Amino acid sequence: MASGVTVDDNVLTIFNDMKVRKANVNEEEKSKRKKAVLFCLSDDKKHIIMEEGSEILQGDEGDPYLKFVKKLPPNDCRYALYDATYETKETKKEDLVFIFWAPENAPLKSKMIYASSKDAIKKKFTGIKHEWQVNGLEDIKDRKTLAEKLGGASVVTLEGKPLND
Amino acid sequence: MGAEQEINSGRSYYIDTTALHVPRAGVELISPLKNGMIEDWNAFQAIIDHIYSKHIKSEPSLHPVLMSEAPWNSRAKREKLTELIFEHYNIPAFFLCKTAVLTAFANGRATGLVLDSGATHTTAIPVHDGYVLQQGIVKSPLAGDFITMQCRELFQEMNIDTVPPYMIASKEPVREGAPPLWTKKDKLPPVTKSWHTYMCNEVIQDFQASVLQVSDSPYDEQVAAQMPTVHYEMPSGYSTDYGAERLRIPEGLFDPSNVKGLSGNTMLGVGHVVTTSIGMCDIDIRPGLYGSVIVTGGNTLLQGFTERLNRELSQKAPPSMRLKLIACNSSIERRFSSWIGGSILASLGTFQQMWISKQEYDEGGKQSVERKCP
């Protein structure tokens, strides 16, 4: 069941850019690619758009996951695309995760609109393998949950950091 | 759901709380719903007419209508409702939403297990990405009305008369445990049994909400005997303290095995209703369901209900499963979450294109509802 909210073309462009990976090997270009980005509702509540200033680039300093969590508003909902880098015992992998962030403190109206529009944005993200519905700061801070979603019990590090810290 | 009354000859309806509480001769108390779906269409129409004339005070043809429905509503009933709405009421646009989906969305989730415990049913409805997984719906009749019946039996055993206020002209204060002293109103009309029972049930429901408590671990007689007692006064003036019964009665919701009058072991406790429902869904989505168990419905407001449910689920769920129960603190939200969700949806600018318009109904017929309101 949907709300009728539409997805901006820009959103799809961003998704496609993040999806295409191995094509650019040039370090400079790689560092400009997005590591994480947030999407929100436009002011008139009719479209889903990219949130200004929410991008974290691959080349940025510091722990990208922590930075990403800090960008999430504590009292409002968002959608996010996060390009996770993780390692299992055998390989190192990168996968896109679609995150639906709806904290308990968000206003009911916001929760209702974002939840009923989730289908619209998710449909645009064809081929995405991982989706995460998160409703609180303690849940999203827990890297183990994300790691389990990505590769189950075999994941040993996330963003270069071992999980059992 | 509003109960209303009718006179057997000539079919007159008395609708809404105020009218309902007036004692009248020969007036039965009925509900248009059965099993969560519309059964008595005449009564339902009477309620809708009443709503438009007394509450909305406007023409039906001027306003779109969004209705919520039980997740297990039959196709035939949905189509019949659509037909009634467009043909009889000339409503300009219509939409039908499943209660569980509205509740999940109102709680910021597109995926979750909605546990709805109301008066007539306790139901577990798995919602995934905004769609109800019909094969996973599990229903149990152990809900508010069952508790009311158990309380009724308790009062019969204790010889306490649940005299409803409509009969009482005056009463005097009496010592605790002493027989009540009240005078009956004279010239009361000969009311029907169904109406009188409903009035008594209201008294019992107030007792139910104020006195009962769900034990946080399986009921134990010795532990229950230590519980602090709660004082309660009946409308008749009779008052006493209640102790172990406070815990014993609602235990039937979670552990029906010892309840008198229930046939065999066929009934599921609330915990099992949830785990059975999740167990009927694809194994890959179960973590998503256990991680978002949304508790809704008036019966869940019983003191201790959610704590006990949390305990039951953490014991019954697979060991490594992350469990999270969501239960609104506000009693309004807990009882009306689907209405609240629906009201927000219907007011969204973007939703206006989602309605079934009168034109679409004229072209596509009542089958449009299956297509446009999945």
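A few points about this structure:
- If only residues of segment B:259-270 that are β-branched (V, I, T) and surrounded by fewer than 22 Cβ atoms within 10 Å (Cβ to Cβ) are counted, the one that is farthest from the other protein chains (Cβ to nearest Cβ) is B:V259.
- Pairing residues of segment B:62-83 that are in contact (Cβ under 8 Å) with a residue 12 or more places away in the chain with residues that are of a type in the set (F, W, Y) and surrounded by fewer than 20 Cβ atoms within 10 Å (Cβ to Cβ), at Cβ distances under 7 Å and at least 6 apart in sequence or on separate chains, gives B:S68/B:W339.
- Any hit, segment B:303-317, residues being farther than 27 Å from B:L142 by Cα and of a type in the set (S, T, Y): no
- Restricting segment A:110-154 to residues that are away from chain B (no Cβ under 14 Å) and modelled with pLDDT under 85, the residue that is nearest to the chain's Cα centre (by Cα): A:G151
- Residue check for B:G304: surrounded by 22 or more Cβ atoms within 10 Å (Cβ to Cβ), in contact with an Asp or Glu (Cβ under 9 Å, 6 or more places away or on another chain), more than 14 Å from chain A (Cβ to nearest Cβ) and touching a residue at least 40 places away in the same chain (Cβ under 8 Å): no
- Matching residues, segment B:113-142, being of a type in the set (G, A, S) and closer than 17 Å to B:G271 by Cβ: B:S117, B:A124, B:G136, B:S140
- Subset tally (residues that are surrounded by fewer than 12 Cβ atoms within 10 Å (Cβ to Cβ) and acidic (D, E)) for segment B:221-233: 1
- Cβ-Cβ under 8 Å pairs, at least 6 apart or on other chains, segment A:29-57 side closer than 12 Å to A:T6 by Cα, far side surrounded by 15 or more Cβ atoms within 10 Å (Cβ to Cβ) and charged (D, E, K, R): A:C40/A:E51; A:C40/A:D76; A:C40/A:R78; A:S42/A:D8; A:H47/A:D8; A:I48/A:D8; A:I49/A:D8
- Residue within segment B:271-290 that is modelled with pLDDT of 95 or more, buried (at least 22 other Cβ atoms within 10 Å of the Cβ) and within 14 Å of chain A (Cβ to nearest Cβ) present: yes
- Selected residue (criterion: modelled with the highest pLDDT) from residues of segment B:1-17 that are among the polar types (S, T, N, Q) and over 20 Å from the mean Cα position of the chain (by Cα): B:S12
- Residue match in segment A:51-72 (condition: hydroxyl-bearing (S, T, Y) and part of a helix (DSSP H, G or I)): yes
- Segment B:90-194 holds strands (runs of 3 or more DSSP E) entirely within its bounds, and those carrying 2 or more residues that are within 14 Å of chain A (Cβ to nearest Cβ) map to B:93-98, B:112-117, B:122-128.
- Residue within segment B:336-359 that is surrounded by fewer than 22 Cβ atoms within 10 Å (Cβ to Cβ), within 14 Å of another protein chain (Cβ to nearest Cβ) and within 24 Å of B:F146 (Cα to Cα) present: yes
- Only one entry in A:E90, A:E61 is closer than 22 Å to A:K141 by Cβ and surrounded by fewer than 17 Cβ atoms within 10 Å (Cβ to Cβ), namely A:E61.
The values are calculated or read from the model by the stated rules, or taken from the named source; none is laboratory data. Model, not experiment: these values are computed from the prediction. Virtual Cβ from ideal backbone geometry, glycine too; neighbours counted across all protein chains shown.
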